[in-house]
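This report refers to the structure that appears directly beneath it.
The values are calculated or read from the model by the stated rules, or taken from the named source; none is laboratory data. None of these values were measured; they are calculated from a predicted model. A quick note on method: Cβ atoms are made from the backbone with ideal geometry, for glycine too, and the neighbour counts reach across all protein chains shown.
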Protein chains: 2
Amino acid sequence: MKFEAHINIMPHKALLDPQGKAVTGSMKNIGLPNVHDVRIGKHITMELEAANEQEASSMVEQACTKLLANLIMESFEFTIKQV
Amino acid sequence: MKFEAHINIMPHKALLDPQGKAVTGSMKNIGLPNVHDVRIGKHITMELEAANEQEASSMVEQACTKLLANLIMESFEFTIKQV
């Protein structure tokens, strides 16, 4: 079966996100002073073949922990849907 | 009212995504040969104050088009919820 995974990887809430902070500062310059607390992470999509949704979920979890996310600084969440 | 926005910015489907291609290649090395077509974009969260959901939505759209997304190479989508 074919699945599509959507993964969000974000810096931990407790950590400073310098890129997000810079963007928050820039919001004033484009006329949006009411925007706060911008945080920037990664959005990753992938296609995978697996026997069932459970296997697909375990594959995505492996991909995140072994390769995509740095668990010291980032946390991840994902959704899977069959295509 | 306070809103929270979740924005996904992805490279256009028609464009080559070199970062995603490199990650797709690495999947084999971590024992996941059945993962294909990895595409990597940005996930951005922000908090904003607006009079209503429509105003919030227009603010997020402005932020995306003026600052966050490069519309030549990327497309964006977002969701907004009141907090």
(message) Just checking, does the stretch A:2-20 include any residue being basic (Lys, Arg), more than 16 Å from the chain's Cα centre (by Cα) and within 11 Å of chain B (Cβ to nearest Cβ)?
(response) yes
(message) Go through (1) modelled with pLDDT of 95 or more; (2) surrounded by fewer than 18 Cβ atoms within 10 Å (Cβ to Cβ) for B:ILE9 and report which single condition fails.
(response) (2)
(request) Filter the stretch A:25-83 down to the residues that are without any contact (Cβ under 8 Å) to a residue 40 or more places away in the chain, more than 9 Å from chain B (Cβ to nearest Cβ) and within 20 Å of A:MET10 (Cα to Cα), then identify the one that is surrounded by the most Cβ atoms within 10 Å (Cβ to Cβ). (result) A:SER57
